[in-house]
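To start, the structure under review is shown below, and the notes come after it.
The values are calculated or read from the model by the stated rules, or taken from the named source; none is laboratory data. Please read all numbers here as calculations on a predicted model, not as lab measurements. When we count neighbours, we look across all protein chains shown, and the Cβ atoms used for this are built from the backbone with ideal geometry, even at glycine. When the accessible area is computed, the model is the full protein with side chains, heavy atoms only, and any ligands, DNA or RNA have been set aside. Shrake-Rupley method; radii C 1.70, N 1.55, O 1.52, S 1.80 Å.
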Amino acid sequence: MYASREDIGYDFGDDSKAGSKPIKPNANIDGGWAWMIVLSSFFVHILIMGSQMALGILNMEWLEEFNQSRGLTAWVSSLSMGITLIVGPFIGLFISMCGCRKTAIIGGILNALGWILSAYASNVHYLFLTFGVTAGIGSGMVYLPAVVMVGQYFQKRRALAQGLSTTGTGFGAFLMTALLKYLCTEFGWRNAMFIQGAISLNLCVCGALMRPLSPKGVREKYVVRSNGEDNRAKALSHSTETIKSNGVLSEEPEKKEESTNEEVLDSVQRTEIGGRSRSGRNMYGLRILKTVSQLTVTVKKGFALWYSSYFGAASLFTNRVFVAFVIWALFAYSSFVIPFIHLPEIVKQYSLSSQNNIFPLTSIIAIVHIFGKVILGIISDLPCISTWNVFLMANFTLVTCILTLPLMRTYISLAVVCALIGFSSGYFSLMPVVTEDLVGTKYLANAYGIIICANGISALLGPPFAGWIYDITQKYDFSFYVSGLLYMVGILFLLIQPCILKRQPREKSTEEAQV
């Protein structure tokens, strides 16, 4: 069964009407400025996700500097990674009100501030606030817009575009690991964090590149998509009128609210004109009132969209596949994060530091991760391949590697397993594609915000849990076993659902649209 946004109850009724009109496609969809969006998202992944994947270097420096337990020290990295993702639903509200560009620029400033303030840390608890919370929130404000913008600008090559942009995580993990190691050796970890904060200001430039699609361009994107997807929706037993009669998609309150807001603005404008004739001294106050009224309208519309996505009649949680997707995300991400945080310590325990210094295992994961994202993205874009099946196969491979990694005791065997971890974890580039197939572009920001929030909880609890297990057993083996088993539980939630997400072959969709 095809589980798409039609199954959730969302209706893009305007698309079918618009599809009957010959509209020239927007040149920026699947081309033009869309590739600048991919470039911007690529650098965001380098500076944010890549830096977080390299925190194992700083984690060792913090252990030596503050002489705290591994479990407590690991909370610094976990807070940064976790909060970056946990704030996703709230960043979705910012995006609904302010747009992706403004949200990303503010986040870039906040992220750089967190790095710089962390250079003056006197204890681990200080890092919780500056690096974990401040830099984490800033990272989240840049990361979600970077993913959402790629989804808005691409239709035919979404998986490839997301794959190319998210390869920045692999490049970043490789580059930032080498950079932080060099900076810590030459200047100390405090100066290294200060320099990294200055580098992070480039996130503001990435945010400035996130030029929003015009309303016409967004409408044309829906028209292109309607040729392949909305015709399948016509085969559903419930019609658009039935859905509207149930109150799921009724837009009357929104229209009434818009008309009310327009009346408020018109009254302000009439008052402004009258003020000019009476006195020029009141003009400044009237302009402020008009600006506040316009801001209020924007905030109300953004909050209404955000609220309806989570709690309204068209809630995202009415789709069982999406709920299973969220449960999977709660267990999955920690299994990928734990090796990055604790592999340097594991290598030291196995007396493999000399070999690891030549070619770090984390760098192997990062490099292969790049190819995994691109290759899995290309495979998923093939007309005869189901993105959902590729996604599941990659998950099965990754959980197998996590469970077998503690059994490896030589550098070669660890390198092979790490390479498989890097390749199979390339499914991260498919997560936005699967989410968009479920809910559509309009709700992508809020839906993906929920997914990365669940990932953030996983990333937040995973590394400290592994450190806590080590403090008790003096081994990391049980940490990998437990996280792998929980990961398997998440995968089973995806498999037991009666609805299985499949992306239909595009050629078939085009033929159906022509009929």
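Give all pairs with beta carbons closer than 7 Å in which a residue from region 381-393 that is acidic (Asp, Glu) meets a residue that is surrounded by fewer than 19 Cβ atoms within 10 Å (Cβ to Cβ) and at pLDDT below 90; count only pairs at least 6 apart in sequence or on separate chains.
Listed pairs, sorted by first residue: ASP381/ARG157.
For region 50-89, enumerate the residues that are assigned to a helix (DSSP H, G or I) and free of Cβ contacts under 8 Å to residues at least 12 places away in the same chain. Please lay out each step first, then the result.
Within region 50-89, the first condition is being assigned to a helix (DSSP H, G or I), and the residues that meet it are 50-53, 55-66, 70-86, 88-89.
Within region 50-89, LEU63, GLU64 qualify.
The rows are residues; the columns are (1) of a type in the set (Val, Ile, Thr); (2) in a helix (DSSP H, G or I).
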residue: LEU376; (1), (2): no, yes
residue: LEU382; (1), (2): no, no
residue: ASN389; (1), (2): no, yes
residue: VAL399; (1), (2): yes, yes
residue: LEU403; (1), (2): no, yes
residue: ARG409; (1), (2): no, no
residue: ILE412; (1), (2): yes, yes
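Take region 195-208 and flag every residue that is of a type outside the set (A, V, I, L, M) and surrounded by 19 or more Cβ atoms within 10 Å (Cβ to Cβ).
Once the filter is applied, which keeps residues that are of a type outside the set (A, V, I, L, M) and surrounded by 19 or more Cβ atoms within 10 Å (Cβ to Cβ), region 195-208 yields GLN196, GLY197, SER200, CYS206, GLY207.
Failed condition for PHE428, given (1) over 18 Å from GLY170 (Cβ atoms); (2) under 14 Å from the mean Cα position of the chain (by Cα), with all others met?
(1)
Take the residues in region 147-171 that are in contact with a Leu (Cβ under 7 Å, 6 or more places away or on another chain) and modelled with pLDDT under 85, then tell me which one is nearest to PHE428 (Cα to Cα).
Across region 147-171, the extreme among qualifying residues is GLY163.
When both residues are 6+ apart or on different chains and their Cβ atoms are under 9 Å apart, which pairs have a first residue that lies in region 438-454 and is open to solvent by 10 Å² or more (accessible area, probe 1.4 Å), and a second that is among the aromatic types (Phe, Trp, Tyr) and assigned to a loop (DSSP other than H, G, I, E, B)?
LYS442/TYR10; LYS442/PHE12; TYR443/TYR10
Regarding region 487-497, can at least one residue be identified that is part of a helix (DSSP H, G or I) and modelled with pLDDT under 75?
no
Filter region 29-72 down to residues that are charged (D, E, K, R) and open to solvent by 50 Å² or more (accessible area, probe 1.4 Å) and give me whichever is nearest to ILE195 (Cα to Cα).
Once the filter is applied, the top-ranked residue is GLU61.
Tell me which residues, restricted to region 351-366, are over 18 Å from LEU407 (Cα atoms), open to solvent by 50 Å² or more (accessible area, probe 1.4 Å) and of a type outside the set (Phe, Trp, Tyr).
Those that are over 18 Å from LEU407 (Cα atoms), open to solvent by 50 Å² or more (accessible area, probe 1.4 Å) and of a type outside the set (Phe, Trp, Tyr): SER354, GLN355, ASN357, ILE358.
Go through region 367-414 and report how many residues are aliphatic (A, V, I, L, M), farther than 28 Å from PHE478 by Cα and open to solvent by less than 10 Å² (accessible area, probe 1.4 Å).
Count: 0.
I'm trying to understand the selection: among the residues of region 106-129, which are open to solvent by less than 10 Å² (accessible area, probe 1.4 Å) and of a type in the set (Ser, Thr, Tyr)?
SER118, the sole residue that qualifies.
Check off (1) hydrophobic (A, V, I, L, M, F, W, C); (2) assigned to a helix (DSSP H, G or I); (3) more than 20 Å from the chain's Cα centre (by Cα); (4) over 21 Å from ALA415 (Cα atoms) for ILE346 and give me the number that stays unchecked.
Only one criterion in (1) hydrophobic (A, V, I, L, M, F, W, C); (2) assigned to a helix (DSSP H, G or I); (3) more than 20 Å from the chain's Cα centre (by Cα); (4) over 21 Å from ALA415 (Cα atoms) is unmet by ILE346, namely (4).
Check off (1) surrounded by fewer than 19 Cβ atoms within 10 Å (Cβ to Cβ); (2) basic (Lys, Arg); (3) in contact with a Gly (Cβ under 7 Å, 6 or more places away or on another chain) for LYS348 and give me the number that stays unchecked.
(3)
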